[in-house]
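The values are calculated or read from the model by the stated rules, or taken from the named source; none is laboratory data. These numbers were taken from a predicted model, which means no experiment stands behind them. With ideal geometry, Cβ positions are generated from the backbone for all residues, glycine too; neighbour counts draw on all protein chains shown. Just so you know, the surface numbers come from the protein's heavy atoms only, side chains and all, with ligands and any DNA or RNA stripped out. Shrake-Rupley method; radii C 1.70, N 1.55, O 1.52, S 1.80 Å.
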Amino acid sequence: MNPTFYTRKYKFKDGLTLELGQRTLIMGILNATPDSFSDGGKYIEVEAAVARAKQMAAEGADLIDIGGESTRPGHAAVSTEEELQRIIPIIRAVSTEVKLPISVDTYKAEVARQALEAGAHIVNDVWGLRRDAGMAAVVAEFGCPVIIMHNREARDYTDYVPDVLQDLNDCVRIAHRAGVSDDQIWLDPGIGFAKNDAENVELMGRLDELVALGFPVLLATSRKTFIRNTLGVTADDAVEGTGATVALGIAQGCQIVRVHDIKQMKRVATLTDAIVYKQAGRN
């Protein structure tokens, strides 16, 4: 076990900073949606969202991911206007009251633009810059970090893991053509997207191949279906399963984990870091 960790230092225009490479970063999930699979409807009001963001900060979150459209299987797409109405007031309020970097979870270029103008710092695109042709240009214009997630319309793989890696390389080329630099790019394996349970499990065991592409990797497994199905539990009872995936991901070189259960996953990451980062010569 000797994973690769990439060093990145970001200083945002509002003075906030973010550093990769010294320990695992905890990204807290804040869904401003009525239909997300785990916490839909809980944080659609600004006051509730700010209170949750403050709680996540107190529990050890390093950044907060705010989204206004559910991406669960079978979700109903929302318009740009509806998504903006859901998230812009929350981003403005959270950025004022909680001094942590904010990522906006969207695949729409106009939503990303307005979110960055409202106080977001990072774009998290579940379609890897491929759904909206204008997204890469927005990222390049703002010079912000971007999370490029693996996704497909259908599970039409020829050679599964190599196909995932090739898809991500194709997305990186889209970013490069728009003027996005390597230092801005993070990758996400897209666990739970265009993958069945067996494929999710296989990819979890081969995350080091994704890390080897040369970019920091974010892992987003929190409470996901393959964990619930494997353990026979509900989303609210998937904390141990999520913890297992977080530890396994860190051991293979994942540097950011996107989670619901901040306090518990912070503990998992801290202990795993004490082992893994020491072996990597970082501590």
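Being more than 17 Å from Met27 (Cβ to Cβ), free of Cβ contacts under 8 Å to residues at least 60 places away in the same chain and touching a Gly at 6+ places or on another chain (Cβ under 7 Å) is true for just one of Ala77, Ala93, Ala109. Which residue is that?
On the way: Ala77 fails: touching a Gly at 6+ places or on another chain (Cβ under 7 Å); Ala93 fails: touching a Gly at 6+ places or on another chain (Cβ under 7 Å).
That would be Ala109, the only listed residue that is more than 17 Å from Met27 (Cβ to Cβ), free of Cβ contacts under 8 Å to residues at least 60 places away in the same chain and touching a Gly at 6+ places or on another chain (Cβ under 7 Å).
Give just the number: which of (1) open to solvent by 10 Å² or more (accessible area, probe 1.4 Å); (2) touching a Ser or Thr at 6+ places or on another chain (Cβ under 9 Å) does Ala194 not satisfy?
(2)
Would you mind stating whether Thr270 is out of contact with any helix residue (DSSP H, G or I) (no Cβ under 8 Å at 6 or more places or on another chain), closer than 22 Å to Glu59 by Cβ and assigned to a helix (DSSP H, G or I)?
Working: out of contact with any helix residue (DSSP H, G or I) (no Cβ under 8 Å at 6 or more places or on another chain): yes; closer than 22 Å to Glu59 by Cβ: yes; assigned to a helix (DSSP H, G or I): yes.
In short, yes.
When Thr230 is evaluated against the numbered criteria (1) open to solvent by 30 Å² or more (accessible area, probe 1.4 Å); (2) more than 18 Å from Ile185 (Cβ to Cβ); (3) touching a residue at least 40 places away in the same chain (Cβ under 8 Å), which criterion, by number, is the only one it fails?
In the conditions (1) open to solvent by 30 Å² or more (accessible area, probe 1.4 Å); (2) more than 18 Å from Ile185 (Cβ to Cβ); (3) touching a residue at least 40 places away in the same chain (Cβ under 8 Å), Thr230 misses (3) alone.
Does Val239 fit the bill of being at pLDDT 95 or above and open to solvent by less than 20 Å² (accessible area, probe 1.4 Å)?
Numbers: at pLDDT 95 or above: yes; open to solvent by less than 20 Å² (accessible area, probe 1.4 Å): no.
Taking the combined requirement at face value, the residue does not satisfy it.
Among the residues of the range 263-280 satisfying the criterion of being crowded, with 23+ Cβ neighbours inside 10 Å and β-branched (Val, Ile, Thr), which is nearest to the chain's Cα centre (by Cα)?
Taking the range 263-280 and keeping what is crowded, with 23+ Cβ neighbours inside 10 Å, we get 265, 268-269, 276.
Restricting the remaining residues to those that are β-branched (Val, Ile, Thr) gives 268, 276.
Values: Val268: 18, Val276: 21 Å.
Filtering the range 263-280 for residues that are crowded, with 23+ Cβ neighbours inside 10 Å and β-branched (Val, Ile, Thr), the one nearest to the chain's Cα centre (by Cα) comes out as Val268.
Look through Val146, Val139 and report the one residue that is aliphatic (A, V, I, L, M), in contact with a helix residue (DSSP H, G or I) (Cβ under 6 Å, 6 or more places away or on another chain) and crowded, with 20+ Cβ neighbours inside 10 Å. Break it down stepwise before answering.
Details: Val139 fails: in contact with a helix residue (DSSP H, G or I) (Cβ under 6 Å, 6 or more places away or on another chain).
Exactly one residue qualifies, and that residue is Val146.
Please state which one of Thr242, Thr234, Thr230, Thr225 is of a type in the set (Ser, Thr, Tyr) and closer than 30 Å to Arg8 by Cα. Even if it seems obvious, please write down each step before you answer.
On the way: Thr234 fails: closer than 30 Å to Arg8 by Cα; Thr230 fails: closer than 30 Å to Arg8 by Cα; Thr225 fails: closer than 30 Å to Arg8 by Cα.
Going through Thr242, Thr234, Thr230, Thr225 in turn, the sole match is Thr242.
Which one is most open to solvent (accessible area, probe 1.4 Å), of the residues in the range 44-74 that are in a helix (DSSP H, G or I), within 14 Å of Asn31 (Cα to Cα) and in contact (Cβ under 8 Å) with a residue 40 or more places away in the chain? Before the answer, list the steps.
Residues of the range 44-74 in a helix (DSSP H, G or I): 46-59.
Filter once more, so that each one left must be within 14 Å of Asn31 (Cα to Cα): 46-53, 56.
Remaining after also requiring in contact (Cβ under 8 Å) with a residue 40 or more places away in the chain: 46, 49-50, 53, 56.
Numbers: Val46: 55, Ala49: 0, Val50: 11, Ala53: 0, Met56: 0 Å².
The selected residue is Val46.
Given the structure, is Leu213 open to solvent by 10 Å² or more (accessible area, probe 1.4 Å), under 18 Å from Ile148 (Cβ atoms) and touching a Leu at 6+ places or on another chain (Cβ under 8 Å)?
Working: open to solvent by 10 Å² or more (accessible area, probe 1.4 Å): yes; under 18 Å from Ile148 (Cβ atoms): yes; touching a Leu at 6+ places or on another chain (Cβ under 8 Å): yes.
Taking the combined requirement at face value, the residue satisfies it.
Any residue in the range 1-12 that's farther than 11 Å from Pro145 by Cβ and assigned to a loop (DSSP other than H, G, I, E, B): show its pairings with residues that are at pLDDT 95 or above and among the polar types (S, T, N, Q) at Cβ separation under 9 Å, as long as the two are six or more apart or on different chains.
Met1/Gln252; Pro3/Gln252; Phe5/Gln22; Phe5/Gln255; Tyr6/Gln255; Thr7/Gln22
Go through (1) touching a helix residue (DSSP H, G or I) at 6+ places or on another chain (Cβ under 9 Å); (2) open to solvent by 10 Å² or more (accessible area, probe 1.4 Å) one by one and return the number of the condition Gln255 breaks.
(2)
On the given criteria, is Ile29 under 24 Å from Phe142 (Cα atoms), within 18 Å of the chain's Cα centre (by Cα) and not in a loop (DSSP other than H, G, I, E, B)? Walk me through it before giving the result.
Details: under 24 Å from Phe142 (Cα atoms): yes; within 18 Å of the chain's Cα centre (by Cα): yes; not in a loop (DSSP other than H, G, I, E, B): yes.
The answer is yes for Ile29.
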